[in-house]
Amino acid sequence: MAVVGAVLGGLVQALLPAPVRLAPLALLAGAVLLREAGLLTLPVPENKRLVPEAVQHRGRFLGTIQFGFEMGTGMRTYSPSALPHLVLLAILLAVPFAGAVTAGIGFAAARWIMPAASLGYGGDGSWEERWRAHRRLLAVATALATVAALGTGLILVDR
Amino acid sequence: MTADPIGRTTGARLRRALSHPLTVAVPVVAGAVVPAVLGATSGTGDVAGTALALLAFAWAGLAAGYANSGST
């Protein structure tokens, strides 16, 4: 998704002047912060389906690859947060190609951290329960971190 | 190794504490300010500045991905 966004972003960023691209990005970043804080209702595009069990039965290699692709790209899953959408929009409107690649690597690392931490916590579903118990705090903290990191990156690239 | 009332060893308790969603969130969230702090001290347009920008974008992806950990 990051690579597709980066390729399209190269076109968008070449065609549109910076103020036209950065204004809606800043506006959406503010809206996402309010959404993650629970102060604004903002629906995000999501497929609202689980990856079917049959995918895992396609073999250790193909099944794993397809499951990871569908989960990792959000093709067929739920999305409790709007932050991946914000990062994708930033990649489209402002982030340079190399930054899009590193953002994708960071996103992939986080998707690995979740099951690793869950297994370390016991692998019995209690990690997910703890996550839900602190959902709002985690949503606000990660939203602030995401917006701060995006802003920092764009300032450093621009100077 | 001492075990708690439900039989967990010290190592298991430590691993569980380090794997708690809030514990994992600390470096994910706090790390986002590192490029800004280091960037404030680096020169303009230099290699270090570019590397810090790439690190910042990576951290944006990391925090955004961790925010989606509630989905399975």
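Scanning the stretch A:71-85 for any residue that is farther than 26 Å from B:Val26 by Cβ, modelled with pLDDT under 95 and touching a Phe, Trp or Tyr at 6+ places or on another chain (Cβ under 9 Å) turns up at least one such residue. Taken over the stretch A:116-129, the criterion of being part of a helix (DSSP H, G or I), over 19 Å from the mean Cα position of the chain (by Cα) and surrounded by fewer than 17 Cβ atoms within 10 Å (Cβ to Cβ) is satisfied by A:Leu119, A:Ser126, A:Glu129. Filter the stretch A:138-154 for residues that are surrounded by fewer than 24 Cβ atoms within 10 Å (Cβ to Cβ) and of a type outside the set (A, V, I, L, M, F, W, C) and give the result. Hit for the stretch A:138-154 is A:Gly151, nothing else.
Filtering the stretch A:123-140 to residues that are facing chain B (nearest Cβ under 7 Å) and hydrophobic (A, V, I, L, M, F, W, C) leaves A:Trp127, A:Trp131, A:Leu138, A:Ala139. Being in contact with an Asp or Glu (Cβ under 9 Å, 6 or more places away or on another chain), more than 8 Å from chain B (Cβ to nearest Cβ) and under 20 Å from A:Leu42 (Cβ atoms) is a description that does not apply to A:Ala143. Pairs linking a residue in the stretch A:64-92 that is of a type in the set (Asp, Glu) to a residue that is outside any helix (DSSP H, G or I) and at pLDDT below 90, with Cβ atoms under 7 Å and 6 or more positions apart or on different chains, are A:Glu70/A:Val51; A:Glu70/A:Arg76; A:Glu70/A:Thr77.
The values are calculated or read from the model by the stated rules, or taken from the named source; none is laboratory data. Everything quoted here is computed from the prediction, not taken from an experiment. Note: ideal-geometry Cβ built from the backbone for every residue, glycine included; neighbour counts use all protein chains shown.
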